Amino acid sequence: MQQFLAIAAQASSNSSTAAPPAPPLRSRPPRREQPSVVVKEATMADEHQELTKAFSGLGGLGVEENALVSALGRWRKQPEKRSQFRQGFPGFFTPSAAGGSNVTIERCSDEYVKHLKTEFSRFKNLMVLWAMHPWERDARWAHRALHKKHHPAAVIVELACTRTADELLGARRAYHALYHRSLEEDVAYRLKDKETSLLVGLVAAYRYEGPRVSEDLAKEEATALAAAGGAKPQSELVVRVLATRSKPQLRATFRMYEKISGKPLEEEFGGEAPCMREAVRCLDSPAKYFADLIVEAFKDGADKQAKAALTRVVVSRSDADMEEIKEAYLKQHGAKLVDAVAKNTHGHYRDALLAMIGK
């Protein structure tokens with residue numbers, strides 16, 4: 001898709017060059033006719049450029065719906081303008097014979113059609129998710145992560161580790177009602193790897209949410225983890241600590257572990273334990289974790305799942321810890337979250353995101 005966006009940017013740039021003005025009529029002075037022709041040509045070029053940007057997004061998320069609707073009105077009963085637009089949009093539309101005949105049409109790329117469907121659906125998906133009960137929303141996200149290809153198991157970790165005890169219990173109840181199975185059994189059945197026991201423990205947890213923290217316990221468990229070199233994903237020690245302790249207790253353990261070993265616990269878990277690493281990040285500082293997800297969504301070359309995380313984060317955290325996420329984003333990346341969203345998204349999708357994030 002990146003090559004299509006690069007071609008779109010070039011097409012947008014080329015479309016801004018006005019064609020030479022038509023020769024003036026003899027009955028009118030040349031000086032009076034020439035400016036109007038130039039304005040007409042420039043307007044046409046601007047219209048093509050505006051529509052190209054609206055369709056392609058030029059690297060951002062969403063589409064400029066207002067520009068598209070405006071083109072519908074301006075180009076009504078003018079099919080030649082749409083034809084010129086297709087001809088000036090290389091990479092997205094290519095000449096193709098119609099049914100083996102000598103007639104040539106500008107054919108839309110199949111990959112671009114998929115791209116457009118995704119971009120047009122962002123606003124719709126956001127609004128549908130926003131309207132859902134949070135428990136149902138989380139249950140549907142979990143089911144998609146477990147049953148659709150190329151969906152990372154980290155989504156399960158995120159849901160299990162960033163929700164309150166009652167929110168996670170509610171999501172499990174909704175999952176049971178929607179799919180007639182428990183979330184725990186689907187995690188155990190679908191994710192058959194060395195981190196399965198940890199994931200089952202995380203989704204089945206009902207953590208204490210009070211403020212009480214035992215420094216002695218934090219030191220004891222941090223020392224045990226350090227002695228085991230961070231332990232392994234299937235380790236009973238890791239599962240017991242990460243899946244049962246309260247979040248304040250775990251943060252005390254993480255701080256103690258770093259003091260003992262000289263490095264954060266998450267650094268112990270590389271590519272062999274991605275879910276364990278994500279669990280530590282979510283449990284330790286959810287706001288920082290969510291800020292990082294948003295940054296990944298805006299990167300060049302971000303895949304479909306990375307981009308989808310933007311909607312998931314904003315919709316699910318808008319009424320929870322959005323202010324903390326905004327502070328974390330500013331601290332980590334030196335920019336305001338609202339400015340980053342406004343720069344990298346388009347149309348109604350952008351407006352909805354900004355409304356949910358707030359100033």
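Read the figures in this text as sums done on the coordinates, not as results from a lab. No experiment lies behind these values; they were computed from the predicted model shown. Cβ: placed from backbone, ideal geometry, glycine included. Neighbour counts: every protein chain shown.
Some points to look at:
- If you take the alpha carbon atoms of segment 184-249 and fit the smallest convex hull around them, that volume is 67 Å³ per residue.
- Solvent-free Debye scattering, log10 I(q)/I(0), computed from the Cα coordinates of segment 303-359 at q = 0.14, 0.21, 0.28 Å⁻¹: -0.35, -0.81, -1.34
- Projecting the Cα atoms of Ser318, Leu293, Leu330 onto the dipole axis of segment 290-334, where Lys and Arg carry +1 and Asp and Glu carry -1 at the beta carbon, places Leu293 farthest toward the positive end.
- Nitroxide proxy distance, nm - points 7 Å out along Cα→Cβ at Trp75 and Ser182: 5.6
- Å³ per residue enclosed by the Cα convex hull of segment 131-231: 110
- Prolate/oblate/rounded call for segment 114-160, Cα gyration tensor, a/c under 1.5 rounded: oblate
- Counting only lysines at least 8 places from Lys219 when in the same chain, those with an alpha carbon closer than 26 Å to its own are Lys232, Lys247, Lys259, Lys263, Lys288.
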